[in-house]
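Everything on this sheet refers to the single structure shown next.
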Amino acid sequence: MTRELSFVEAMNEALMQEMARDDAVVIFGENIRGQGRGELRGLQDAYGDDRIIDLPISEAAMTGIATGAALAGGRPVVHFQVSSLIFPAFDQLVDQAAKLPLMLGGQAHVAATYMVMGCGASGGRAGQHSDNPYPYLIHAGIKSVMPSTPADAKGLLTTAVREDDPVAVFVPVRLMATKGSVAEEPYAIPLAQGEVKRTGKDVTVVAMGHLVAEALASAEALAADGIDAEIWDPRSLLPLDRAGLAASVAKTGRVVLFDDSHRSCGYAAELSSFIGETCFGDLKAPIKRVTRADVTIPFGQHIEDEVLPDRRRLEQAVHAVMAWS
Amino acid sequence: MTSSNLDAASLVSMYRQMRLIRRFEERTAELIDAGEIRAHAHLYIGEEAVAVGVSAALNTQDITTSTHRGHGHILAKGGDPMRMFAELMGRKAGYNRGRGGSMHIADLGLGIFGANGIVGAGAPMACGAARMFKNRGEPHVAVPFFGDGAMNQGVLLESLNVAAIWDLPVVFVCENNQYAITSPIAEMSRGSLAERAAAFGLKAETVDGMDAAAVFEAATRLVDRARAGDGASFLECRTYRFEAHNTALRASDLTYRTAAEIERWRERDPLTVLAQRLDAEDGWAQGDQAAVDAEVNAEIEDAIERAGESPRPSADTALDHMYAQTYPGFPAGVSE
Ligand SMILES: Cc1ncc(C[n+]2csc(CCOP(=O)(O)OP(=O)(O)O)c2C)c(N)n1
Ligand SMILES: [Mg+2]
């Protein structure tokens, strides 16, 4: 059975179900008792203080505690209230959790999930609360997913919890209240499985997170101009569904990458290099990127808008690759 | 009563500063509701005595670092309400030219290193400034403000230690308002916060943070000590925030504390505490207080009006101010 759930309700359901399924699942977070936002609602009542564990404002320790819990046989989920809170925990993420398994010669793996809530800009959250930090963790080798619908949010979070490696789930702030239909029974969406969110033949627009809905809206506007855009959502950023992406590029031969991470060494840069190396023969035009500008997000609304990828510049880029000959 | 350093004029001036902060915050909440400020803010209402008492012990060359709840710290050190409102409204006349918003307001010229969106992050910067003052033989003092919640951040504990071993001219001011968002400090820390600081080798005191005069006197002792080269210290101010953690959470405030608890603390409203003291000691009449309040209200309204007249920065300046030196095509924009 499916119902309409918001993003955070869908994630809440995934956590409820995984905690019921596996006693080893424990959640670490801050300000859990006052969680108004929903993704942790009811968990403490259902599973108690020993499995839903409230910490002081100590992100570095919280993340390392999760690694230790994982090494001791737990299946920890770490809840970061805002995306930039992974920064105080950076050593524990990139130099400990990500590296330990290989350094230990495979004696143990770290089955940790990082719920990175509130990713991206949403108007007026300014420089320290508007980051989309997935390239940092991807660069460190941490498996990373970013859902664009409530249904994907539930399935990807479920996979993250079940996976025996660290997996970061990046939750776009603009989508947290967005509703969509979600199946009630537990289900998992495998890593490295992208999805065509709209079928088209002229150009592949790779979009993720909150930009998927933007790209779908642009596709309708472009259709009026006779351009049939395919919208492809990687969902799993690392590992990437290379075959799925290559298949779409082989069909259309034109690519616009629509990504709200920084331009230099951002996620679109990685996608671009993959496509350039692997799909060169299919390309009818150079790849174009529409990304976040390489600057800190400024506070004021319209200067914020200026540095973020948007429909206007996506549509311009699509027209440019279509005009290429 | 230890009002030795404090004549009636100083007390009135502290009252005025607290009223300015109170009114600034009340109007900020209203401007948010009216959509004139398109963001949320962490209000300082209830905690005014801390910023005002401490700042009265400082001069312009002393520096402060602040928190997400920074408006009071900035106003108390002489921040211009017009430029602060302009910043909250995202206008060019704002302190940060509309780039920073509530959690990043700063005025380097007044020794205000700025508010900060990351808990605990200001403390090491205060230590860095203090290190430079010490190296250059300057008599200035650095004051990081932070909350009880920040006392569990690694970087803050690292800073306490460094300030102690280097005998830095730093006075750490901990605003213990009993909660970090919804988490009661009693459940997040064992032992007293001042004792923890003392264990690092800092001189540590605790003061009634609802009494501006008491805060001023304690801060003066510790600041004078730092200025004299006698090293770092820690001042725990026991205070309370009367409003929700921030304006976005106003509806859900009562899940972790009771209305009765808030009411008990409101009875010790720092503005009332100081007004009563002035009344008792100096026969400060009700009319005097009303006159100050009216003057402050007019100043705030004038600041709001002038802030609103400032234009918003134009979109073609959105990439500005990231770098001291830029290069062709650098920093990169959204598309080529
Ligand atoms: C490192 C970090 N962790 C978490 C947060 C989210 N957060 C913002 S304010 C706050 C509570 C801070 O409590 P406290 O230091 O006591 O200051 P108060 O809000 O009570 O003034 C938290 C957890 C943050 N901004 N930075
Ligand atoms: Mg607090």
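The values are calculated or read from the model by the stated rules, or taken from the named source; none is laboratory data. None of the values given here were measured: they were computed from a predicted structure. So basically every Cβ, Gly included, is an ideal-geometry build from the backbone, and we count neighbours across all protein chains shown. Surface areas here come from the heavy atoms of the whole protein model, side chains and all, with no ligands, DNA or RNA. Shrake-Rupley method; radii C 1.70, N 1.55, O 1.52, S 1.80 Å.
In this structure, does A:E306 turn out to be facing another protein chain (nearest Cβ under 9 Å) and either within 26 Å of A:K143 (Cβ to Cβ) or in contact (Cβ under 8 Å) with a residue 12 or more places away in the chain (or both)? Break it down stepwise before answering.
On the way: facing another protein chain (nearest Cβ under 9 Å): yes; either within 26 Å of A:K143 (Cβ to Cβ) or in contact (Cβ under 8 Å) with a residue 12 or more places away in the chain (or both): yes.
Criteria met by A:E306.
How about region B:218-336: which helices (runs of 4 or more DSSP H) wholly inside it have at least 2 residues that are open to solvent by less than 30 Å² (accessible area, probe 1.4 Å)? Quick ask: steps written out before the conclusion?
Values: elements: B:259-266, B:270-282, B:286-309.
Those helices (runs of 4 or more DSSP H) span B:270-282, B:286-309.
If A:S325 passes every condition in (1) hydroxyl-bearing (S, T, Y); (2) closer than 21 Å to B:Y323 by Cβ; (3) away from chain B (no Cβ under 13 Å) but one, which one does it miss?
(2)
Checking A:D152 against (1) over 27 Å from A:L100 (Cβ atoms); (2) assigned to a loop (DSSP other than H, G, I, E, B); (3) not assigned by TED's automatic domain parsing to the domain that holds A:F280: exactly one of these is not met. Which one?
It fails just one condition, (2).
Being assigned to a loop (DSSP other than H, G, I, E, B), at pLDDT below 95, closer than 27 Å to B:W284 by Cα and out of contact with any Cys (no Cβ under 7 Å at 6 or more places or on another chain) is the requirement here; does B:L58 meet it?
Working: assigned to a loop (DSSP other than H, G, I, E, B): yes; at pLDDT below 95: no; closer than 27 Å to B:W284 by Cα: yes; out of contact with any Cys (no Cβ under 7 Å at 6 or more places or on another chain): yes.
No, not satisfied.
Could you count how many residues in region B:147-180 are within 14 Å of chain A (Cβ to nearest Cβ), out of contact with any strand residue (DSSP E or B) (no Cβ under 8 Å at 6 or more places or on another chain) and either within 8 Å of ligand 1 (Cβ to nearest atom) or within 27 Å of B:A56 (Cβ to Cβ) (or both)?
Qualifying residue count for the region: 2.
Within 11 Å of chain A (Cβ to nearest Cβ) and at pLDDT below 95: does that describe B:S335?
Details: within 11 Å of chain A (Cβ to nearest Cβ): yes; at pLDDT below 95: yes.
Answer is yes for this residue.
Within the group B:R196, B:R221, B:R190, which residue is within 14 Å of another protein chain (Cβ to nearest Cβ) and either closer than 17 Å to B:V50 by Cα or more than 16 Å from ligand 2 (Cβ to nearest atom) (or both)? It would help to see each step written out before you state the result.
Values: B:R196 fails: either closer than 17 Å to B:V50 by Cα or more than 16 Å from ligand 2 (Cβ to nearest atom) (or both); B:R221 fails: within 14 Å of another protein chain (Cβ to nearest Cβ).
Just one listed residue meets the conditions, B:R190.
Mind counting the residues in region B:116-146 that are more than 9 Å from every other protein chain (Cβ to nearest Cβ) and either near ligand 1 (Cβ under 9 Å from one of its atoms) or part of a strand (DSSP E or B) (or both)?
Here is the first cut: in region B:116-146, the ones more than 9 Å from every other protein chain (Cβ to nearest Cβ) are B:122-146.
Of the ones still in play, those that are also either near ligand 1 (Cβ under 9 Å from one of its atoms) or part of a strand (DSSP E or B) (or both) are B:142-146.
Residues in region B:116-146 being more than 9 Å from every other protein chain (Cβ to nearest Cβ) and either near ligand 1 (Cβ under 9 Å from one of its atoms) or part of a strand (DSSP E or B) (or both): 5 in total.
Looking only at residues in region B:284-294 that are without any contact (Cβ under 8 Å) to a residue 12 or more places away in the chain and not polar (S, T, N, Q), which one is nearest to B:E26 (Cα to Cα)? Talk me through it step by step, then tell me what you get.
So in region B:284-294, the residues without any contact (Cβ under 8 Å) to a residue 12 or more places away in the chain come out as B:285-287, B:290-291, B:294.
Add one more test, that the residue is not polar (S, T, N, Q), and what stays is B:285, B:287, B:290-291, B:294.
On the way: B:A285: 25, B:G287: 22, B:A290: 17, B:A291: 19, B:A294: 15 Å.
Here the answer is B:A294.
Against the conditions (1) over 30 Å from B:A142 (Cα atoms); (2) without any contact (Cβ under 8 Å) to a residue 40 or more places away in the chain; (3) charged (D, E, K, R), where does B:E281 fall short? Just the number, please.
Among (1) over 30 Å from B:A142 (Cα atoms); (2) without any contact (Cβ under 8 Å) to a residue 40 or more places away in the chain; (3) charged (D, E, K, R), B:E281 violates only (2).
Quick check on this structure: which one of B:A49, B:A29, B:A9 is part of a helix (DSSP H, G or I) and out of contact with any helix residue (DSSP H, G or I) (no Cβ under 7 Å at 6 or more places or on another chain)? First the steps, then the outcome.
Details: B:A49 fails: out of contact with any helix residue (DSSP H, G or I) (no Cβ under 7 Å at 6 or more places or on another chain); B:A29 fails: out of contact with any helix residue (DSSP H, G or I) (no Cβ under 7 Å at 6 or more places or on another chain).
Answer to the check: B:A9.
Considering only region B:98-135, state which residues are charged (D, E, K, R) and more than 22 Å from B:A57 (Cα to Cα). Outline the logic, then answer.
Restricting attention to region B:98-135, the residues satisfying the condition of being charged (D, E, K, R) are B:99, B:107, B:131, B:134.
Of everything in region B:98-135, just one residue is charged (D, E, K, R) and more than 22 Å from B:A57 (Cα to Cα), namely B:R99.
Can you work out which of the residues in region B:65-91 that are assigned to a loop (DSSP other than H, G, I, E, B) and over 18 Å from B:L31 (Cα atoms) is farthest from ligand 1 (Cβ to nearest atom)? If you could, list the steps in order and put the result at the bottom.
As a first pass, look at region B:65-91 and keep what is assigned to a loop (DSSP other than H, G, I, E, B): B:66-70, B:77-80, B:89-91.
Subset that is over 18 Å from B:L31 (Cα atoms): B:66-68, B:77-79.
Numbers: B:S66: 10, B:T67: 6, B:H68: 5, B:K77: 17, B:G78: 22, B:G79: 18 Å.
If we take residues in region B:65-91 being assigned to a loop (DSSP other than H, G, I, E, B) and over 18 Å from B:L31 (Cα atoms), then B:G78 is farthest from ligand 1 (Cβ to nearest atom).
Could you look through region B:134-183, keep only residues that are away from ligand 2 (no atom under 16 Å from the Cβ) and touching an Asp or Glu at 6+ places or on another chain (Cβ under 6 Å), and pick out the one that is least open to solvent (accessible area, probe 1.4 Å)?
Filtering first and then ranking leaves B:V141.
Go through (1) more than 12 Å from ligand 1 (Cβ to nearest atom); (2) more than 14 Å from chain A (Cβ to nearest Cβ) for B:G209 and report which single condition fails.
(1)
Please name all residue pairs, on different chains or six or more residues apart, with Cβ atoms under 7 Å, provided the first residue is in region B:257-274 and is without any contact (Cβ under 8 Å) to a residue 24 or more places away in the chain and the second residue is part of a loop (DSSP other than H, G, I, E, B).
B:I262/B:F242
Going by the conditions given, is B:A186 part of a helix (DSSP H, G or I), under 21 Å from B:E47 (Cα atoms) and more than 16 Å from ligand 1 (Cβ to nearest atom)? Lay out the reasoning, then the answer.
Numbers: part of a helix (DSSP H, G or I): yes; under 21 Å from B:E47 (Cα atoms): yes; more than 16 Å from ligand 1 (Cβ to nearest atom): no.
Against the criterion (part of a helix (DSSP H, G or I), under 21 Å from B:E47 (Cα atoms) and more than 16 Å from ligand 1 (Cβ to nearest atom)), B:A186 does not qualify.
Could you tell me which of the residues B:V54, B:V12, B:V50 is surrounded by fewer than 22 Cβ atoms within 10 Å (Cβ to Cβ), β-branched (V, I, T) and either touching a residue at least 12 places away in the same chain (Cβ under 8 Å) or out of contact with any Pro (no Cβ under 7 Å at 6 or more places or on another chain) (or both)? Before the answer, list the steps.
On the way: B:V54 fails: surrounded by fewer than 22 Cβ atoms within 10 Å (Cβ to Cβ); B:V50 fails: surrounded by fewer than 22 Cβ atoms within 10 Å (Cβ to Cβ).
Going through B:V54, B:V12, B:V50 in turn, just one is surrounded by fewer than 22 Cβ atoms within 10 Å (Cβ to Cβ), β-branched (V, I, T) and either touching a residue at least 12 places away in the same chain (Cβ under 8 Å) or out of contact with any Pro (no Cβ under 7 Å at 6 or more places or on another chain) (or both): B:V12.
Go through (1) open to solvent by less than 30 Å² (accessible area, probe 1.4 Å); (2) over 23 Å from B:E138 (Cα atoms); (3) of a type outside the set (S, T, Y) and name the single condition B:A186 misses.
Condition not satisfied by B:A186: (1).
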